[in-house]
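Bear in mind that the values in this text are calculations on the coordinates, not laboratory data. The model shown is predicted, which means the values in this text are computed figures rather than measured ones. Positions of Cβ are generated from backbone atoms using ideal geometry, with glycine treated the same way; all protein chains shown enter the neighbour counts.
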Amino acid sequence: MPVLSYVIVAVAAYLLGSIPTGYLVGRTQGIDIRTAGSGNMGATNSFRVLGKPAGTFVLLVDCAKGFAAVWLGGWLWKVLGAPEVQAEPHCVVAGILAVLGHNYPCWLRFKGGKGIATSAGVYLALAPVALGITLVVFILTVAVTRYVSIGSIVGAIVLPSAVWFTHDNWTLRIVTMALGVLAIFKHRKNIQRLMAGTENRIGKAPQSTEAAK
């Protein structure tokens, strides 16, 4: 039963995380978000291409996917009759798979977003204090640099450190470090554009897809 319960939670969390919010919202406007702006399906590109209301919706839903996956993991653990004291590992697995689902959705040939908003939802449920610290650093970084990508990369470094000092849970610490590395890896094109001086900046008109990719 424990192994089966982990499999059920993993599959359910992945499918929840794989809902391509940005792509679906873009389609309602007749836009394929994958071919506009930076070509990413996340909230940042949705803000630039689809507008603030749509971007806000994508941000909130992507965040909600992560939070809901963790909640679902705990709920299924109880429904399947497992000891409540062991629910946290289930929730951590659910969080990981939700982020992987967002980053690599099976519906779109495993090409998705960068997982920042979904990760925020996951850690809102798992480690709210660590997330709060990270959000403060993220906001300050973006305010100073005017680059969301730099804020996201810095956040991917700060979150594991914040979790390390606020949670005495080695599994969560290791998982958070792994997700941080994945987030930075998903920003590799942003890093290349930053080095080339072509990265989109807040308050600046977005470049064409060809220039931004």
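Taking label points 7 Å from Cα along the Cα-to-Cβ direction, residue 171 and residue 3 give a separation of 1.7 nm. In a DSSP loop and with at most 12 other Cβ atoms within 10 Å, the trypsin sites (Lys or Arg not before Pro) in region 80-171 are 109.
Between their Cα atoms, which of 78/186; 65/189; 52/186 are more than 32 Å away from each other? Over 32 Å Cα-Cα: 78/186. Fully extending the segment from residue 79 to residue 140 would add 17.8 nm, taking 0.36 nm per residue of separation and subtracting the current Cα-Cα distance.
Compared with the alpha-carbon gap, the fully stretched path from residue 56 to residue 32 is longer by 6.9 nm at 0.36 nm per residue. For region 90-162, the set of chymotrypsin sites (Phe, Trp or Tyr not before Pro) satisfying both a DSSP loop assignment and a count of at most 14 other C-beta atoms within 10 Å is given as 110.
Using a simple spin-label model with pseudo-atoms 7 Å out from Cα toward Cβ, residue 196 and residue 110 lie 2.6 nm apart.
Please arrange 141, 166, 21 by how many other C-beta atoms lie within 10 Å of their C-beta, fewest to most.
Details: 141 19, 166 16, 21 27.
Ranked by crowding around the Cβ, least crowded first: 166, 141, 21.
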